[in-house]
Amino acid sequence: MQKQTTFLAALLILLLTGSTAFAQLQSPDEFLGYELGDRWTPHHRVLDYVKHVADESDWVTVHSYGETYQHRELVYLVVTSPDNHQNIEEIRMNNLRLTGLEEGTPSGLQKGIVWLSYNIHGNETSSSEAALRTLHELVRPDSPEPKEWLQNTVVIMDPMLNPDGRERYINWYTNMKGAEVNPTFDAREHHEPWPGGRSNHYMFDLNRDWAWQVQKESKYRYNIYKEWMPHIHVDFHEQSYTAPYYFAPAAEPFHEAITDWQREFQTTIGENHIEYFDEEGWLYFTRQRFDLFYPSFGDTWPTFHGSIGMTYEQAGHSLAGLAIETPEGDTLTLADRLRNHHTTGMSTVEVASNNADRMVEEFAAHFDRGMNDPDSRYKTFLVKADNHPDKIYNLLTMLDHLNIEYGTTGTSRNRDGFNYSTGETGRISVAEDDIIVSVYQPQSQLVRVLFEPNPGLADSLTYDITSWEAHYRFGLEGYALERQKTPERNVSAEDFRSFELTGSDRPYAYVVEWKTMDDARFLAEITRHGVKSRFAEIPFSIDGREYDKGTLVITRDNNRRLDNFDDVVQNAAENHSRKIHGAASGFVTTGADFGSSDVRFIEKPKVAVLMGDGTASLNAGEIWHFFDHQLKYPATILHTNYLMRADLNDYNVLVLPSGSYNDVLDERGMEKVSRWVREGGTLIAFGNANRVLSGHNGFRLSAKTGSVEENEGDEDSRLQSYGERQRRAVSNNTPGSTFRVTLDNTHPLAFGYGEHYYSLKNSAVAYDFLDSGWNVGTVREDAHMSGFAGQNAKAALENSLSFGTHSYGSGNVVYMVDNPVFRGFWENGKLLFVNAIFFVGN
């Protein structure tokens, strides 16, 4: 009886809204000329269809929010009733007022807001097809029930988050497919080549970039997300083609900042899905594998913005193609996959509508608790004012972007607090200019997630990295306080950066300190414009100013042939807000004069990066993006299959991303690279590339043995429980945790750093100290600082190499066991890479 009443009410709504708005509306099948699931819909046709629906229906509007690196348009849709569209700005602003991020008192016009995100992994293709069906189902004229949902609910739909990756995959597949689809697993259409379609143009996993927003797609999307702050967010994915469907509730571990309501309501949503799946007899699972801990997923990042964030995983992925035979003897088709995603998408909107009032109420309460009664051990996070201004600027810029409030303490006193540098709690000194971030604010939950020194991990079987704390990430000194401290004075990011030219404006030499990536970007810019530079290997003083190792010395004598020398240097300094000093003489007060051999000439780096089959695409992409968009310095990308034909003498720096290098660095390839190094090149190896080099052709790196207690042959190992096999394995791993690395900062590889660097370690693979060479960055005893690391992993990493270098003939090899450019977000590591490029070997 209740369902019949609901249907009649929905039908009445439909009749009242009129049918003229739908007169020309076509289904996806009608518009595209084929049945959804028969083949893939390319990006431009997805756009054509959603724009057609927006043109023909007053229930839908379409909005452009940016474009990809390959210039494909990114759009989102707003789907709701015509009446709601008439008041959509008031609905949106009322929602922001509930969060406290927008001033004012919300009116009574409040609606539930659901955000559906499709196809962030390019080769998980079914969700964009499902988006088209879901869009049509929500607004088609003969479907009254969704119209009732849309009376109290606004649905935001992003039909394709990663069009570059998706087009890469479907274009490849189309070229591989014959006259008919071949569902046999061995068929070539099921085995996409390197790098695959999962990632975007720069081979970044966009589903690990929600928080860091290194990629432009992520930045554009977050700018729109902040304008809406939805109550529910769903990220549609695919997993192994042999797996049943996954939906919430999620697996442990949940981050401690996740509230009881957020746990409860995702279960409510999952229970609604269960009714549909049980009725059809479709297999599914919940509460396994996909946890809510790492903050940069499409489920966790919205969760830490007050939403009910969820991942839905359909069997498929790139192996599935358009159809594939499963081990059970069935054939999984694209039509099957999009059907399931369509079902959970519609079910989500249904649950949201049925619970809209409570959803809005709990959403408002979530932010109210954050402002007035946050559930957090640490109440205040402090950044010391005497940190380098660039590092403070970069942190505050991030906080501004995230709508996180901060200010200065305004008073000086001693307190108890956790010291991020030592990892210990004790008496600390607070200065009046120190910057504090309180958890008593609208973005309280997000503050906790980004600043808590070691968030509790209920289960070590987690899906991703477990450490990302902001002090370690940006290289900042500071504390976490258990007492509430409210900022007393305002401060802004711009207070910490400005261009300044002192001394002569036509000097003997320009002097620029070397401490941060902003200094590196300055050097990259002037080098691109033909300026020749030097760097000091020892500290010096001149004109009453003290300068540290690594300081840039840019002499007029080295640049006599450059007519616009002063303009290039000064314009670059202004572009990067550098403080530069014009020294009238090359004679220093202390240290080495500018003509000394201790002030080394920088040979212009001519960089090649090896990339392709045999390399890890994600790390290769990190390095590629680093050169193009972070350092902004040219690098030639050499495909691995061209290595033997390339003239390496055209380059003086060669970067090897992490990888296996199977059939690339074979005997001939290894000898070619080795000879190039011996003749004067600088080789920089990342991650597993070090393992490939270890023990070969004069490379002096060797794996550390005997530290991980494998115990494969003893009685305890033979009698271990099968059910505990995964937990036993994690004791040997570190999925991504922070370790204190001791630096030899007298070596050029560590110029710009203090005695320690806090490194994000993603592997327990350990290497011995170099017997001959320079152990620049090493892990010593008790070095683990934050995140999960297994007991055996800690033992293996103790007294191991993180960063080292040695000469090889006339050249140099740099071993980067840890990845200083991981996902592009570990800001304090990037200068190590620049030092390897510009300083090592000069």
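The values are calculated or read from the model by the stated rules, or taken from the named source; none is laboratory data. Here the structure is a predicted model, which means the values were calculated and not measured. Positions of Cβ are generated from backbone atoms using ideal geometry, with glycine treated the same way; all protein chains shown enter the neighbour counts. Each accessible area value is taken on the protein alone, full model and side chains, heavy atoms only, with ligands, DNA and RNA left out. Shrake-Rupley method; radii C 1.70, N 1.55, O 1.52, S 1.80 Å.
Sort out which residues of segment 33-46 are part of a helix (DSSP H, G or I) and either modelled with pLDDT under 95 or open to solvent by 20 Å² or more (accessible area, probe 1.4 Å) (or both), and write them in order of number. HIS44, ARG45, listed by residue number.
Among the criteria (1) open to solvent by less than 20 Å² (accessible area, probe 1.4 Å); (2) touching a Leu at 6+ places or on another chain (Cβ under 6 Å), the one ALA251 does not fulfil is (2).
Restricted to segment 595-666, the set of strands (runs of 3 or more DSSP E) holding at least 2 residues that are within 19 Å of GLY811 (Cβ to Cβ) and open to solvent by 10 Å² or more (accessible area, probe 1.4 Å) comprises 599-601, 635-639.
Take segment 402-432 and flag every residue that is surrounded by fewer than 14 Cβ atoms within 10 Å (Cβ to Cβ) and over 22 Å from ASP373 (Cα atoms). Break it down into steps so the answer makes sense when it comes.
In the first step, residues of segment 402-432 are kept if they are surrounded by fewer than 14 Cβ atoms within 10 Å (Cβ to Cβ); the result is 411-414, 416, 422, 424, 426-427, 429, 432.
Selection gives THR411, SER412, ARG413, ASN414, THR422, GLU424, GLY426, ARG427, SER429, GLU432.
Restricting attention to segment 607-651, the residues that are closer than 18 Å to TRP676 by Cα and in contact (Cβ under 8 Å) with a residue 60 or more places away in the chain add up to 1.
Only one entry of ASN171, ASN223 meets the criterion of being part of a helix (DSSP H, G or I), open to solvent by 10 Å² or more (accessible area, probe 1.4 Å), of a type outside the set (D, E, K, R) and within 26 Å of ILE465 (Cβ to Cβ), and that entry is ASN223. Considering only residues of segment 770-805 that are over 28 Å from the mean Cα position of the chain (by Cα) and within 21 Å of LEU831 (Cβ to Cβ), which is least open to solvent (accessible area, probe 1.4 Å)? The extreme case among them is THR805. Can you say whether GLY824 is at pLDDT below 95 and surrounded by fewer than 24 Cβ atoms within 10 Å (Cβ to Cβ), as far as the supplied structure shows? No, not satisfied. In segment 513-533, is there at least one residue being in contact with a strand residue (DSSP E or B) (Cβ under 7 Å, 6 or more places away or on another chain) and either in a strand (DSSP E or B) or without any contact (Cβ under 8 Å) to a residue 24 or more places away in the chain (or both)? Looking through segment 513-533, none of the residues is in contact with a strand residue (DSSP E or B) (Cβ under 7 Å, 6 or more places away or on another chain) and either in a strand (DSSP E or B) or without any contact (Cβ under 8 Å) to a residue 24 or more places away in the chain (or both). May I ask you to say which residue of GLU89, GLU102 is open to solvent by 60 Å² or more (accessible area, probe 1.4 Å), part of a loop (DSSP other than H, G, I, E, B), of a type in the set (Asp, Glu) and closer than 30 Å to GLU362 by Cα? Just one listed residue meets the conditions, GLU102. Once segment 254-291 is narrowed to residues that are closer than 18 Å to ASP375 by Cα and not in a helix (DSSP H, G or I), the residue that is farthest from the chain's Cα centre (by Cα) is THR259. With respect to (1) of a type in the set (S, T, N, Q); (2) closer than 14 Å to GLY306 by Cβ; (3) in contact with a strand residue (DSSP E or B) (Cβ under 9 Å, 6 or more places away or on another chain), the lone exception for SER412 is condition (2). Count of segment 519-552 residues, restricted to those that are among the aliphatic types (A, V, I, L, M) and farther than 17 Å from PRO605 by Cα, is 3.
Among the residues of segment 47-63, just one is closer than 15 Å to LEU150 by Cβ and either open to solvent by 60 Å² or more (accessible area, probe 1.4 Å) or at pLDDT below 95 (or both), namely ASP58. The C-beta contact set for segment 197-212 (first residue touching a residue at least 40 places away in the same chain (Cβ under 8 Å) and assigned to a loop (DSSP other than H, G, I, E, B), second residue open to solvent by 10 Å² or more (accessible area, probe 1.4 Å) and of a type in the set (S, T, N, Q), distance under 7 angstrom, 6+ apart or interchain) comprises GLY197/SER318; SER199/SER617; HIS201/GLN70; MET203/SER617.
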